[in-house]
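Contents: one structure, followed by commentary.
The values are calculated or read from the model by the stated rules, or taken from the named source; none is laboratory data. Predicted model, so just to flag it, every value in this text is computed and none were measured. Heads up, the Cβs are rebuilt from the backbone with ideal geometry, glycines too, and the neighbour counts pull from every protein chain shown. Just so you know, the surface numbers come from the protein's heavy atoms only, side chains and all, with ligands and any DNA or RNA stripped out. Shrake-Rupley method; radii C 1.70, N 1.55, O 1.52, S 1.80 Å.
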Amino acid sequence: MSLTTKAIKNARPGINTKGEPTDKPYKMGDSGGLYLLVSPQGGKWWRLKYRFDGKENQLSLGVYPDISLSEARDRRDSYRAMLADGINPSNYAKEQRAALRAEEVRQLAATRFQIDSDGALTFRLGKRCLILTPSETAELRSFLDATRAVTPKVEPCR
């Protein structure tokens, strides 16, 4: 039996589909391996159950209500198409997340140092951000220019 939006909204935490109290998560099945996992605390997660290379797997599709029933079905259909093409949806999702993280790191590294049009310097060290005023930026530049002119006396380590 397919899920309806009304049935999803009426799903109560701690009460299973038979109306019995429960302290365990329970599943509300849709079709094609799609189901909604309802936790006793009230969370509702979309999951896709599938088989690949003879092994049962499951994939998280998102949280209800952020992901609607129709969107969850669309995601299920796209992952089912991948299965038909011989692609493991779990591996595909992991690769996509890794690519997103790599892009975020690349963008963060690219914006580590930035000078605004008014001459203010902004730079990031890890998650911290330091913003210098234009006058502080000028002082820092003059300090760095002065230190470049000095040749350090190098002594061997003992």
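Each label point was placed 7 Å from the Cα along the Cα-to-Cβ direction; for residue 135 and residue 155 their separation is 3.9 nm. A simple rule links phi to the HN-Hα coupling: the Karplus curve 6.51 cos²θ - 1.76 cosθ + 1.60 with θ = phi - 60°, which for segment 130-146 gives 10, 10, 9, 6, x, 5, 5, 4, 5, 4, 5, 4, 5, 5, 5, 4, 5 Hz, with x for Gly and Pro.
Scaled to the compact-protein estimate 2.2 N^0.38 Å, what is the alpha-carbon radius of gyration of segment 40-119, rounded to two decimal places?
On the way: Rg = 18.3 Å, N = 80, 2.2 N^0.38 = 11.6 Å.
Output field value: 1.58.
Per-residue Karplus couplings for segment 19-33, computed as 6.51 cos²θ - 1.76 cosθ + 1.60 with θ equal to phi - 60°, are listed in order as x, 8, x, 8, 10, 10, x, 10, 9, 10, x, 10, 7, x, x Hz, Gly and Pro entered as x.
Treating each Cα of segment 1-50 as one equal point scatterer and applying the Debye formula with no solvent, the log10 of I(q)/I(0) at q = 0.26, 0.27 Å⁻¹ comes out as -1.00, -1.06. Label sites at residue 124 and residue 105, each approximated as a point 7 angstrom past Cα along Cα to Cβ, lie 1.3 nm apart. Think of each Lys and Arg Cβ as +1 and each Asp and Glu Cβ as -1; about the Cα centre, that makes the dipole of segment 62-154 roughly 460 debye.
Please report, to two decimal places, log10 I(q)/I(0) for the chain at q = 0.09, 0.10, 0.11, 0.16 Å⁻¹ as given by the Debye formula with identical point scatterers on the Cα atoms and no solvent. Computed log10 I(q)/I(0) values: -0.58, -0.63, -0.68, -0.97.
With the full set of protein chains in place, find how many percent of the accessible area of the chain is carbon and sulfur; take the probe as 1.4 Å.
The C+S portion of the solvent-accessible surface of the chain is 54 percent.
At q = 0.16, 0.24 Å⁻¹ the log10 of I(q)/I(0) for segment 52-94 amounts to -0.44, -0.87, computed by Debye summation with a single uniform scatterer per C-alpha, solvent ignored. Positive-end ranking of 28, 43, 8 along the dipole of the chain, with charges on Cβ about the Cα centre, is headed by 28. In order along segment 85-99, phi translates into HN-Hα couplings of 8, x, 9, 7, x, 5, 5, 4, 5, 5, 5, 5, 5, 5, 5 Hz, rounded to whole numbers, per the Karplus curve 6.51 cos²θ - 1.76 cosθ + 1.60 with θ = phi - 60° and x for Gly and Pro. Computed about the Cα centre, the dipole magnitude for the chain is approximately 640 debye when only Lys and Arg (+1) and Asp and Glu (-1) carry charge, each at its Cβ. In this Cβ point-charge picture (+1 for Lys and Arg, -1 for Asp and Glu), segment 1-40 has a dipole of about 100 debye about its Cα centre. For the cross-link pairs 27/127; 9/49; 6/94; 44/94, the ones whose C-alpha atoms lie over 28 Å apart are 27/127; 6/94.
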